[in-house]
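See structure below.
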Amino acid sequence: MPSSSPWLAWVLAALAAIGPFAIDTYLPAFPQMAESLGATQVQVQQTLTAYMATFAFMVLWHGALADRFGRRRVLIWATALFAVASLLCAVAPSIEWLWAGRAVQGLCGGAGMVVGRAVIRDIHEGPQAQRLMSQVMMIFGIAPAIAPLIGGLLLAVADWRAIFVFLAFFGVALSVLTLRYLPETLSEEARQPLHPASLVRAYRGVLSNTDFLLLVFSVALMFNGFFIYVLSAPVFVMTHLGLGPQDFAWLFVPVVVGMMFGSGLSGRVAGHWSPTRAIAVGFAIMLGAAAGSVLLAASEPAQRLLLVLPISIYGVGMALAMPSMSILALDLFPQRRGMASSCQSFVQVGMNACTAGVLGPLLWKSPVTLAAGMCMFAALALIGFLTWRRRSLSV
């Protein structure tokens, strides 16, 4: 089994960052895109739904493909296709063509996240796996802060199409990095067939496992508590906070600092705290932050930028809990880690897509409704985790 190189965490984080870059970089351009393409704001918002719908579908298959053909090959092809799809978006003559380009981006955008988790478990186990997962999350946490800043800077010197040209170059760079620095971590002997009957049995085994579903739904729900602010960023930043298209850093930088702090803490406590303890502390932080967010939003503070503080604290708890929960889920299927990672991503992104298409427009109406949404998702995630914990103790 290959050992991890000093570059591995950076490469895996960059691969996982495709998702945040594909979502966050073009958020400041929504008004300009609507004007340029003669589309409504709702139609432009649907470019995000188009991306996430195909993303959710394809993440079910990235892991199975990686279990069959190896991790490295799938990642190289996926990042190259992402670059081509980004160019299609850059030259889109209408909103319909942009929907198509975003859909193709979604088909390949999840490979880095799915296959990267499998690579970590191929190489390490126990505290070592948690540390590498935390390192990846800490580096990856920079992406949501950098992406809208890059989008805003590109808008200052060019139009919205330059953002997708940038994403195309990003895809090419990831292909080169993967080819240069990522070893193949799945041996030929460990590879699994793509026979339809075998795949059906394997998927059924994963998606019917109650413990797995409780863990991955809990992860998805806790992430949605943060994600509602990502997909609502144009409204939250420019309407509720009264800032401009170049000011998305006011939301994303504090949030990412919180996530990076939580990821660093997760790495430091690995091997000293049990996974359950790390998860419990993470939930305590998230629930406290969510409750504080509701109170702060309802009090109508004179300084509206204070509304960002609870979101940042929520990111600390989320980043502390997620690595341990993800590893617990993957460890239920040691022979099918790629497929298990795919199923986890499918649940998470499918829930994100539902939130983007249905709950997001309902929750972004005011800071109070957004904070209430964060509270709801954190509470539901805790219920799922406690149910899993009770089942694991009864075995």
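Rounded to 0.05, the FRET efficiency of the ARG204 and LEU362 pair, given R0 = 35 Å and the Cβ-Cβ distance, is 0.55. Segment SER94..ALA284, full-extension length gain: 63.7 nm, with 0.36 nm per residue of separation and the alpha-carbon distance subtracted. A 1.4 Å probe over all protein chains sorts ARG268, ARG180, ARG68, ARG336 by accessible area into ARG268, ARG180, ARG68, ARG336, starting with the largest. The alpha carbons of the chain occupy a box of 54, 45, 38 Å along the principal axes, longest dimension given first.
Computed 3J(HN,Hα) for the range 203-217, one whole-Hz value per residue from the Karplus formula 6.51 cos²θ - 1.76 cosθ + 1.60 where θ = phi - 60°, is 4, 4, x, 6, 7, 9, 7, 4, 4, 4, 5, 4, 5, 6, 5, glycine and proline marked x. Seen from TRP388, the other residues with C-beta closer than 14 Å to its C-beta sum to a net charge of +1, counting Lys and Arg as +1 and Asp and Glu as -1.
When restricted to Cα atoms, the range 103-205 yields an Rg and a Dmax of 17.9, 53 Å, respectively. Computed with a 1.4 Å probe over protein heavy atoms only, the accessible area of CYS354 comes to about 80 Å². Size descriptors for the range 1-194: radius of gyration and Dmax over Cα atoms are 17.1, 54 Å. Going 7 Å from the Cα of ALA291 in the Cα-to-Cβ direction, what parts of the range 345-381 have a backbone nitrogen less than 20 Å from that spot? Residues 368-381 fall inside that zone. PRO196: net charge of surrounding residues, Cβ under 15 Å, Lys/Arg +1, Asp/Glu -1, itself excluded? Its environment carries a net charge of +2. Sorting HIS272, HIS195, HIS124, HIS62 by solvent-accessible area of protein heavy atoms yields HIS272, HIS195, HIS124, HIS62, largest first, with a 1.4 Å probe. When nucleic acids and ligands are ignored and a 1.4 Å probe is applied, LEU306 ends up with an accessible area of around 80 Å². Note on LEU332: accessible area is roughly 70 Å² with a 1.4 Å probe, heavy atoms of protein only.
Report the normalised scattering of the range 329-395 as log10 I(q)/I(0) at q = 0.14, 0.17 Å⁻¹, calculated by the Debye formula with identical scatterers on the alpha carbons. Each listed q corresponds, in turn, to -0.62, -0.81. When only Cα pairs under 8 Å and 6 or more residues apart are kept, what is the percent relative contact order across the chain? Relative contact order for the chain comes out at 27 percent. Taking each DSSP H run with n ≥ 4 as -39500 (n - 2.57) and averaging over every residue of the chain yields -26000 deg cm²/dmol at 222 nm. Counting 0.36 nm for each residue step from CYS354 to TYR181 and taking away their Cα separation leaves a gain of 58.7 nm.
Relative contact order of the range 151-289, taken over Cα pairs closer than 8 Å and 6 or more residues apart, is 18 percent. Once the convex hull of all Cα atoms in the range 195-394 is built, its volume per residue stands at 126 Å³.
The values are calculated or read from the model by the stated rules, or taken from the named source; none is laboratory data. As the structure is a prediction and not an experimental result, all values here were calculated from the model. Methodologically, a virtual Cβ is constructed for each residue, glycine included, from the backbone with ideal geometry; neighbour enumeration extends over all protein chains shown. Please note that ligands, DNA and RNA were not included when accessible areas were found on the heavy atoms of the full protein model with its side chains. Shrake-Rupley method; radii C 1.70, N 1.55, O 1.52, S 1.80 Å.
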